[in-house]
Amino acid sequence: SRTPVNVTVTGAAGQIGYALLFRIASGHLLGPDTPVRLRLLEIPQAVKAAEGTAMELDDCAFPLLAGIDIFDNPTDGFAGANVALLVGARPRTKGMERGDLLAANGGIFKPQGEAINAGAADDIKVLVVGNPANTNALIAQQHAPDVPAERFTAMTRLDHNRALTQLAKKAGVAVTDIAKLTIWGNHSATQYPDIFHAQIAGKNAAEVVDDRTWLADTFIPTVAKRGAAIIEARGASSAASAANAAIDHVHTWVNGTADGDWTSMGVVSDGSYGVPEGLISSFPVVCKDGKWEIVQGLDVNEFSRARIDASVRELAEERDAVRELGLI
Ligand code: NAI
């Protein structure tokens with residue numbers, strides 16, 4: 001049998017953690033032939049709760065689960081990690097300014113980046129889920145100078161999946177009929193879900209839908225504000241759908257995108273599409289052999305350009321703010 005892959009999950013005792021760990025252990029992250037060893041990282045106060053989740057994982061007797069270890073410090077938590085899902089973050093509380101939020105998260109993602117740099121496996125792949133995800137990923141990446149920058153990614157797959165379903169409903173098709181949808185920019189309300197290159201059963205999605213008003217006034221805000229709508233309806237933030245998107249993100253990164261399709265990932269910009277180099281922004285990406293590549297050469301119309309620029313401007317402001325705070 002194969003050597004187990006070490007998967008570190010931070011925020012393991014949180015609500016996304018609870019929806020995520022069982023699916024990792026049952027083989028949905030890496031595939032049905034890959035055993036996993038879970039490394040759960042929590043803050044000391046939440047270690048006991050993580051132990052409870054570990055007891056339940058034991059009680060599932062998952063054939064692919066080779067072991068579970070629980071840690072309360074990043075140095076041990078990331079030692080030997082092949083895949084790291086950075087879910088634990090400091091949420092924005094009432095009255096908190098952006099600077100305070102970024103500073104609090106810098107206090108989490110800086111030491112985590114350092115620990116990944118010091119002790120993760122050479123093939124480490126990092127997905128940051130905890131918000132503000134793009135900028136948290138940037139902070140961690142900047143503190144891991146020995147790890148190739150492309151190994152740090154931020155999650156916009158939930159936005160991508162949300163957009164797939166909204167478009168499928170509008171067009172009266174199945175999600176599997178849709179290809180080449182893109183989320184651009186920041187995982188925030190400024191993100192831009194783009195259907196101008198998307199295809200529905202091989203035809204251009206924007207032409208099939210042929211409804212600019214719906215696009216501007218319904219589709220984009222519905223996708224961008226879905227997180228708030230879930231909180232409003234459920235009384236708690238998206239957890240199972242976020243965990244599902246994290247599974248999808250890593251599964252696609254490792255196993256590749258389908259021929260004729262791409263996905264959306266927050267990745268380090270190489271300057272493509274006018275996104276300043278070094279920012280971690282969502283792009284259309286193709287994955288193959290465990291590597292991602294930004295899809296090149298797409299025409300960006302005026303409608304899209306303004307929206308991509310606005311979201312990227314926000315990312316640049318967040319980067320400048322963490323720079324000013326001395327976090328990068
Ligand atoms: P939660 O509050 O239920 O759980 C967070 C957990 O992280 C807690 O157990 C906490 O003890 C732990 N934690 C805090 N600091 C930590 C540290 N330094 N090391 C290890 N663990 C630490 O939150 P939930 O609902 O699980 O969400 C987690 C994050 O995911 C939030 O930041 C949320 O905004 C974000 N999120 C991102 C999405 C995306 O699409 N990128 C979608 C949904 C949520």
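The values are calculated or read from the model by the stated rules, or taken from the named source; none is laboratory data. Not measured: the values here are computed from a predicted model. Every residue, glycine among them, receives a Cβ derived from its backbone with ideal geometry; neighbour counts consider all protein chains shown.
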*In the list Val250, Val285, Val223, which residue meets the criterion of being over 21 Å from Ala198 (Cα atoms) and either touching a residue at least 60 places away in the same chain (Cβ under 8 Å) or buried (at least 19 other Cβ atoms within 10 Å of the Cβ) (or both)?*
Val250
*Complete set of residues in region 230-245 that are within 13 Å of the ligand (Cβ to nearest atom) and assigned to a helix (DSSP H, G or I)*: Ile230, Ile231, Arg234, Ala240, Ser241, Ala242, Ala243, Asn244, Ala245
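Being without any contact (Cβ under 8 Å) to a residue 24 or more places away in the chain and within 15 Å of the ligand (Cβ to nearest atom) narrows it down to one residue among Gly95, Gly107; which is it?
Result: Gly107 is the single residue among Gly95, Gly107 that is without any contact (Cβ under 8 Å) to a residue 24 or more places away in the chain and within 15 Å of the ligand (Cβ to nearest atom).
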*asked:* Under 7 Å between Cβ atoms, which residue pairs at least 6 apart in sequence (or on different chains) link something in region 1-24 that is assigned to a loop (DSSP other than H, G, I, E, B) with a partner that is away from the ligand (no atom under 14 Å from the Cβ) and hydroxyl-bearing (Ser, Thr, Tyr)?
replied: Arg2/Thr34
_Criterion violated by Gly202 - all others in (1) surrounded by fewer than 17 Cβ atoms within 10 Å (Cβ to Cβ); (2) under 21 Å from Ile16 (Cα atoms) satisfied_ = (2)
*Identify, by number, the condition in (1) touching a residue at least 40 places away in the same chain (Cβ under 8 Å); (2) in contact with a strand residue (DSSP E or B) (Cβ under 7 Å, 6 or more places away or on another chain) that Ser188 doesn't meet.*
(2)
*at pLDDT below 95 and within 16 Å of the ligand (Cβ to nearest atom): does that describe Thr135?*
no
*If the Cβ limit is 6 Å and pairs must be 6+ apart or interchain, which residue in region 264-275 that is crowded, with 24+ Cβ neighbours inside 10 Å pairs with which residue that is not in a strand (DSSP E or B)?*
Ser264/Thr156; Ser264/His160; Gly266/Asn134; Gly266/Thr156; Val275/Ser269; Val275/Val312
*What pairs can you find where one residue is in region 118-144 and in contact (Cβ under 8 Å) with a residue 24 or more places away in the chain, the other is among the hydroxyl-bearing types (Ser, Thr, Tyr), and their Cβ atoms are less than 6 Å apart, with a gap of 6+ or different chains?*
Leu127/Thr153
*Look through Gly99, Gly107 and report the one residue that is modelled with pLDDT under 95, surrounded by fewer than 17 Cβ atoms within 10 Å (Cβ to Cβ) and not charged (D, E, K, R).*
Gly99
*Take Lys125 and decide whether it is among the basic types (Lys, Arg), modelled with pLDDT under 95 and more than 10 Å from the ligand (Cβ to nearest atom).*
no
*Among the residues of region 4-42 satisfying the criterion of being surrounded by fewer than 22 Cβ atoms within 10 Å (Cβ to Cβ) and closer than 17 Å to Asn131 by Cβ, which is farthest from the ligand (Cβ to nearest atom)?*
Ala19
_Extreme residue, farthest from the ligand (Cβ to nearest atom), among residues of region 63-89 that are buried (at least 18 other Cβ atoms within 10 Å of the Cβ) and assigned to a loop (DSSP other than H, G, I, E, B)_ = Leu64
_Test result for Ala46, near the ligand (Cβ under 9 Å from one of its atoms) and more than 21 Å from the chain's Cα centre (by Cα)_ = yes
_Residues that are surrounded by fewer than 21 Cβ atoms within 10 Å (Cβ to Cβ), under 24 Å from Pro276 (Cβ atoms) and within 13 Å of the ligand (Cβ to nearest atom): does region 146-169 have at least one?_
no
*Could you list all residues from region 170-185 that are assigned to a strand (DSSP E or B), under 20 Å from the mean Cα position of the chain (by Cα) and either away from the ligand (no atom under 16 Å from the Cβ) or free of Cβ contacts under 8 Å to residues at least 60 places away in the same chain (or both)?*
Ala179
